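S.K.: Starting off with a structure, shown below.
The values are calculated or read from the model by the stated rules, or taken from the named source; none is laboratory data. It should be emphasised that the depicted structure is a prediction, and the values quoted were computed from it without experimental measurement. Cβ placement follows ideal geometry from the backbone for every residue including glycine, while neighbour counts extend to all protein chains displayed.
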Amino acid sequence: MPLAGRRGGSLRGRARVPGDKSISHRALLVGLLTVGASEIEGLLEGEDVLATVRACAALGGALERRGPGAWTIRGAGIGTLLQPAGVLDFGNAGTGTRLAMGVVAGHPIEATFDGDASLRKRPMRRVLEPLVRMGVSVVEESEGGRLPIRLRGAQDPIPIDYESPVPSAQVKSAVLLCGLAAPGETTLIEKEATRDHTERMLRHFGAEISVTKQGAHGRRISLRGRPELTPQKIVVPADPSSAAFPLVAALIVPGSELILEGVLANPLRAGLYATLREMGASIEEIDRRDEGGEPVVDLRVRASSLRGVDVPAARAPSMIDEYPVLAVAAAFAEGETRLRGLAELRVKESDRLAAIAAGLAANGVEHEIAGDDLIVRGRGRAKGGGTVVTHMDHRIAMSFLVMGLASDKPVAVDDASFVATSFPGFAELMSSLGAEIGA
């Protein structure tokens, strides 16, 4: 489904983007391991999360949709999962796949994990390695440790101390979710702190978990195994990765002013906002509050003159999904922006680093890849006029549609169908704010 973004008038109004994808996955999977019924409000009903809904049902959870974004999941507790009758197909959902592997790993059942062509290219060994140390057997796997993969969970999971070689919240979460079923204490050490939604949610459901500093930027997370998790009500905040698209659009389209409601303000997800403020963005916080163990805020965003900055590699874990749209913002800044340490982008839904560079090139933006850094030489405007190959990547599609809203000529994407994986109704919401996005 090709779409294009075109220059039009200013963007105005209030909007709430869909629920946070990371928290939606975790609410379902922790609810599955809880004794009793947990209520979830604001669940992201994109394709990625709905794949996790189906997986939870296949593993024995009882799920009911009570209305838009409102779900109840009833679990029977840790150790009670059923062996699924068929393949657990996660579509494009890397987070759902890796976290569910951790859940299955703590149970003496077998399950086959699979997904679409894009997900089958993504590396899974980083998750399998610690799970095997915890007693999991990899019964079948495709070349290079890729999907489809069949796992046999541990009869008696082994608690481990594990230092993750990569800064990955998904690896950390898989280890902790398996550790729920292990006796004693499971500990994970990360050299760079990654998003901590799993730790916060496990604590919210009653698990005993401690987090201490480790080195200059890292954390040591220890979980006491075999807790009895108690049902909770979860209100899923608006996804900051999704809010990034209307937010950057408002910054680069002259005369724009938006209020984005109920956005997750977790400090380990706030790298984009820190970077944009350094670039001169007008982003104002309104009504900061706490919901379900997570900080939430409304954001007022106004069109701004941006300038190039140097973005440190240490910030990458707090904004790993936002680099495509940050590169678009950098194209409209004055001067050079250097985004450092982007190796992880090469193994996302696509090789995002290459896809970003190709999209910039197609639309006349001067740039360079230097090792794992992306350098964007902004001139305060973009020519546009190109068609961007999305490689089935929802964030590439949305980022370059945003670019088109302020470019001299429209920017097209070859396929926007995958936008629904994280942001159902994206084009409609943007259009309601005044954006011109269409075929």
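S.K.: Within the range 382-398, which residues are modelled with pLDDT of 95 or more and part of a loop (DSSP other than H, G, I, E, B)?
M.R.: Ala382, Lys383, Gly384, Gly385, Gly386, Val389, Thr390
S.K.: Among the residues of the range 398-417, write down those that are out of contact with any Gly (no Cβ under 6 Å at 6 or more places or on another chain), closer than 20 Å to Arg16 by Cα and not β-branched (Val, Ile, Thr). Step through it out loud before you land on a result.
M.R.: Within the range 398-417, the subset out of contact with any Gly (no Cβ under 6 Å at 6 or more places or on another chain) is 398-399, 402-403, 406, 412-417.
Then keep just the ones that are closer than 20 Å to Arg16 by Cα; that gives 398-399, 402.
The answer is Met398, Ser399.
S.K.: Restricting attention to the range 305-326, and to residues there that are in a loop (DSSP other than H, G, I, E, B), closer than 21 Å to Glu366 by Cα and not aliphatic (A, V, I, L, M), which single residue is farthest from the chain's Cα centre (by Cα)?
M.R.: The initial filter retains those residues of the range 305-326 that are in a loop (DSSP other than H, G, I, E, B), namely 305-306, 308-309, 312, 319-322.
Next cut, closer than 21 Å to Glu366 by Cα only: 305-306, 308-309, 312, 322.
Now narrow it down to the ones that are not aliphatic (A, V, I, L, M): 305, 308, 312, 322.
Values: Ser305: 28, Gly308: 25, Pro312: 20, Glu322: 9 Å.
So the residue we want is Ser305.
S.K.: List every residue pair whose Cβ atoms sit under 8 Å apart, with the two residues 6 or more apart in sequence or on different chains, where the first one lies in the range 146-170 and is over 17 Å from Arg220 (Cβ atoms) and the second, anywhere, is part of a loop (DSSP other than H, G, I, E, B) and polar (S, T, N, Q).
M.R.: Filtered contacts from the range 146-170: no entries.
Here is a yes/no grid of residues against (1) part of a helix (DSSP H, G or I); (2) over 24 Å from Phe205 (Cβ atoms):
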residue: Arg74; (1), (2): no, no
residue: Gly79; (1), (2): no, no
residue: Gly96; (1), (2): yes, no
residue: Ala100; (1), (2): yes, no
residue: Val132; (1), (2): yes, yes
residue: Pro159; (1), (2): no, no
residue: Leu177; (1), (2): yes, no
residue: Ala181; (1), (2): no, no
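S.K.: Please determine, by comparing only the residues of the range 92-136 that are of a type in the set (Lys, Arg) and in contact (Cβ under 8 Å) with a residue 40 or more places away in the chain, which one is surrounded by the most Cβ atoms within 10 Å (Cβ to Cβ). Explain how you work it out, then say what you get.
M.R.: First pass over the range 92-136, keeping only residues of a type in the set (Lys, Arg): 98, 120-122, 125-126, 133.
In the following step, the residues that additionally are in contact (Cβ under 8 Å) with a residue 40 or more places away in the chain were identified as 98, 122, 126.
Details: Arg98: 25, Arg122: 18, Arg126: 18.
Among residues in the range 92-136 that are of a type in the set (Lys, Arg) and in contact (Cβ under 8 Å) with a residue 40 or more places away in the chain, the one surrounded by the most Cβ atoms within 10 Å (Cβ to Cβ) is Arg98.
S.K.: Has the range 195-204 got any residue that is at pLDDT below 95, within 20 Å of Asp20 (Cβ to Cβ), part of a loop (DSSP other than H, G, I, E, B) and not hydrophobic (A, V, I, L, M, F, W, C)?
M.R.: Yes: one or more hits.
S.K.: Collect the residues in the range 327-368 that are part of a strand (DSSP E or B) and either surrounded by 24 or more Cβ atoms within 10 Å (Cβ to Cβ) or under 24 Å from the mean Cα position of the chain (by Cα) (or both), keeping them in residue-number order.
M.R.: Filtering the range 327-368 down to residues part of a strand (DSSP E or B) leaves 334-339, 366-368.
Correct list: Thr337, Arg338, Leu339.
S.K.: Could you list, in sequence order, all residues of the range 66-81 that are surrounded by 14 or more Cβ atoms within 10 Å (Cβ to Cβ), of a type outside the set (Ser, Thr, Tyr) and under 17 Å from Leu32 (Cβ atoms)?
M.R.: Within the range 66-81, Trp71, Ile73, Arg74, Gly75, Ala76, Gly77, Ile78, Leu81 qualify.
S.K.: Determine which member of the set Asp116, Asp48 is of a type in the set (Asp, Glu) and in a helix (DSSP H, G or I). It would help to see each step written out before you state the result.
M.R.: Details: Asp116 fails: in a helix (DSSP H, G or I).
Result: Asp48 is the single residue among Asp116, Asp48 that is of a type in the set (Asp, Glu) and in a helix (DSSP H, G or I).
S.K.: In the range 68-90, what residues are out of contact with any strand residue (DSSP E or B) (no Cβ under 7 Å at 6 or more places or on another chain) and at positive phi?
M.R.: Gly79
S.K.: Also: Can you tell me which residue within the range 213-232, out of those that are in contact with a helix residue (DSSP H, G or I) (Cβ under 8 Å, 6 or more places away or on another chain) and assigned to a loop (DSSP other than H, G, I, E, B), is surrounded by the fewest Cβ atoms within 10 Å (Cβ to Cβ)?
M.R.: Let us first name the residues in the range 213-232 that are in contact with a helix residue (DSSP H, G or I) (Cβ under 8 Å, 6 or more places away or on another chain), namely 217, 221, 223, 225, 229, 231-232.
This time we only want the ones that are assigned to a loop (DSSP other than H, G, I, E, B), so: 217, 225, 229, 231-232.
Numbers: His217: 13, Gly225: 20, Leu229: 23, Pro231: 17, Gln232: 19.
So, considering only residues that are in contact with a helix residue (DSSP H, G or I) (Cβ under 8 Å, 6 or more places away or on another chain) and assigned to a loop (DSSP other than H, G, I, E, B), the one surrounded by the fewest Cβ atoms within 10 Å (Cβ to Cβ) is His217.
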